[in-house]
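Take a look at the structure below.
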Amino acid sequence: MDKTDEALAKTAAEALDAKKADNVRIYDVRGISDVTDWTVVATGTSAPHLKALIREAEGALSEEGAERLRISGEPDSGWVVLDAITVVVHVFSEEARAYYDIEKLWTKKNEDA
């Protein structure tokens, strides 16, 4: 990757923000997660918005040299994941974000440390 992983996470977050994502957060999960170093979480307003958000993040990461990008999930499900190995982007509907509450995985762990 051309940029540092932290910079890539910020790039993804900025791309999401530019497409009007809500509540964009970046989490440093090094030492907490076995699958990635940085996680970006955002909320979209509808299935088409989720699709646009994930495509925007994918394009931004690709332009910065991220390789092996993979997308999982469907916008209609309320949860789409973009995996760039060291940076993972989760885009949720408001309902899915509240239901799955994945951020507690990292915030609780950080509070215990």
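The values are calculated or read from the model by the stated rules, or taken from the named source; none is laboratory data. Remember, it's a predicted structure, so these values are computed and weren't measured experimentally. Don't worry about glycine lacking a Cβ; one is built from the backbone with ideal geometry, like all the others, and counts go over all protein chains shown.
Each row is one residue, and each column tells you yes or no for (1) closer than 19 Å to Glu64 by Cβ; (2) among the aliphatic types (A, V, I, L, M); (3) under 11 Å from the mean Cα position of the chain (by Cα); (4) assigned to a helix (DSSP H, G or I).
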| site | (1), (2), (3), (4) |
| --- | --- |
| Glu6 | yes, no, no, yes |
| Ala9 | yes, yes, yes, yes |
| Asn23 | no, no, no, no |
| Asp34 | no, no, no, no |
| Thr39 | yes, no, yes, no |
| Ala42 | yes, yes, yes, no |
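In the set Ile54, Ile71, Ile85, only one residue is in contact (Cβ under 8 Å) with a residue 12 or more places away in the chain and in a loop (DSSP other than H, G, I, E, B); that residue is Ile85. Go through (1) farther than 14 Å from Ile102 by Cβ; (2) within 14 Å of the chain's Cα centre (by Cα) and name the single condition Ser77 misses. Ser77 satisfies all of (1) farther than 14 Å from Ile102 by Cβ; (2) within 14 Å of the chain's Cα centre (by Cα) except (2).
Filtered by the rule that a residue be modelled with pLDDT of 95 or more and farther than 17 Å from Val81 by Cα, region 1-40 gives Ala18, Lys20.
Return yes or no: is Ala57 surrounded by 21 or more Cβ atoms within 10 Å (Cβ to Cβ) and modelled with pLDDT under 95? When the stated conditions are applied, Ala57 does not pass them.
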